[in-house]
Every structure is written in C-alpha cells, then in structure tokens.
Amino acid sequence: MKKERPIHPDFQFHLDLKQQELIDLFNDLRLFILDLYSDSNEILYHTHALTSVFSISEKLSDAFCMIPIYTNHLNLGFNKGTLLKDPHKILTGTGNLIRHVDIKSQADFRKDSVRDLILEAINFAISDMDKAPKSKGMTLSKIK
C-alpha cells in the first residue's frame, strides 16, 4: 500500500488559483513521480512559477526533477537534464543544465520513455550526492 502525501497548505493555496485542468494534471504527475520514488523530498517554491521540486535530500542541488506550473501550462523539468541519457530525444530546452518535457495531458508522461528518464534522473542524483540525506519523504515549503 502506497503512503499518501498530502499537498502542503502553502502550495495548495496557490494551486487552487490555477485552472482545474492544470490542477488535475499536476496532481497526477506528482503522484506518478512519488510512486517512482516515495522517499523523495518535495521542496516547494512560488517565484515566477509555482514549483514542486523532487530531491534525494533536503537540498535543491540534489533535486532530480520538478514540476513548474505557469499560467496556462506545466512542464516536467530535469535539473541536470543535459547530463542525462535521452535515447528517445524527449527533452527540450536551451539552458546549461535544465531540460524539460512539455506536459499537456497524461499521455505526455504516462509512458515508458518518461518513466525511464525520471528513474535515470533519480539514479544520477543519488550517485551525484555529496553526503547522505538527513531526511526522506518530507515536504519542505519555501513559500512565503
């Protein structure tokens, strides 16, 4: 039986201001990621986008992926996307490290190529860590 992890109230407040379609898509993608790595820490931000970051530790530098929610869309971002193997060429972007997959529906992430990419990002983050995490499965709000 999978452990339920409620959305932090700080994040939920801002999420509730989004279109229902984005809310539903976010919730499903979040559960998809948590099902793949339930020990991930979820770090929450509200800057230019409402963002849920999934990390091996409590540090942003150990993050493996994120879900930024913009006004009318969301992405599945990979913090070190340029360092990942992407045999299906599904990552897009031009940044030095970050790459993303455009998410418009469940069909955009409920497929083996995306699952494999998330798992590779998790394994990369674990192997790239400086020291063992202090916490697992926590939600950390950086929303003010």
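Structure data summary
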{"read-out": "Residue satisfying all of: in region 121-137; surrounded by 15 or more Cβ atoms within 10 Å (Cβ to Cβ) and out of contact with any Asp or Glu (no Cβ under 9 Å at 6 or more places or on another chain); farthest from Ser40 (Cα to Cα) among these", "value": "Phe124"}
{"read-out": "Set Asp86, Asp28, Asp39: member being of a type in the set (Asp, Glu), part of a helix (DSSP H, G or I) and surrounded by fewer than 22 Cβ atoms within 10 Å (Cβ to Cβ)", "value": "Asp28"}
{"read-out": "Unmet requirement for Asp86, which otherwise passes all of (1) in contact with a helix residue (DSSP H, G or I) (Cβ under 6 Å, 6 or more places away or on another chain); (2) farther than 19 Å from Phe54 by Cα", "value": "(1)"}
{"read-out": "Residue in region 50-73 that is of a type in the set (Ser, Thr, Tyr) and over 20 Å from Leu140 (Cβ atoms) present", "value": "yes"}
{"read-out": "Residues being surrounded by fewer than 18 Cβ atoms within 10 Å (Cβ to Cβ) and over 19 Å from Glu120 (Cβ atoms) - total across region 50-64", "value": "3"}
{"read-out": "Residue that is farthest from Leu60 (Cα to Cα), among those in region 91-111 that are free of Cβ contacts under 8 Å to residues at least 40 places away in the same chain and outside any loop (DSSP other than H, G, I, E, B)", "value": "Ala107"}
{"read-out": "Residue pairs meeting the criteria (Cβ under 8 Å; at least 6 apart or on separate chains; first at negative phi and part of a helix (DSSP H, G or I), in region 122-144; second small (Gly, Ala, Ser) and surrounded by 15 or more Cβ atoms within 10 Å (Cβ to Cβ))", "value": "Ile122/Ser40; Ala125/Ser55; Ala125/Ala63"}
{"read-out": "Conditions (1) within 12 Å of the chain's Cα centre (by Cα); (2) among the polar types (S, T, N, Q); (3) not in a strand (DSSP E or B); number of the one not met by Ser52", "value": "(3)"}
{"read-out": "Among (1) in contact with a helix residue (DSSP H, G or I) (Cβ under 7 Å, 6 or more places away or on another chain); (2) over 19 Å from Ser105 (Cβ atoms); (3) of a type in the set (Gly, Ala, Ser), the one test that Ser52 misses", "value": "(2)"}
{"read-out": "Subset of region 69-78 [under 12 Å from the mean Cα position of the chain (by Cα) and free of Cβ contacts under 8 Å to residues at least 40 places away in the same chain]", "value": "Asn75, Gly77"}
{"read-out": "Breaking point among (1) part of a helix (DSSP H, G or I); (2) touching a strand residue (DSSP E or B) at 6+ places or on another chain (Cβ under 9 Å); (3) surrounded by 15 or more Cβ atoms within 10 Å (Cβ to Cβ), for Ile67", "value": "(1)"}
{"read-out": "Region 1-18 - residue that is in a loop (DSSP other than H, G, I, E, B) and surrounded by 12 or more Cβ atoms within 10 Å (Cβ to Cβ) and, of those, farthest from the chain's Cα centre (by Cα)", "value": "Lys18"}
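Coordinate-derived values only; no laboratory data. All values derive from a computational prediction rather than experimental measurement. Heads up, the Cβs are rebuilt from the backbone with ideal geometry, glycines too, and the neighbour counts pull from every protein chain shown.
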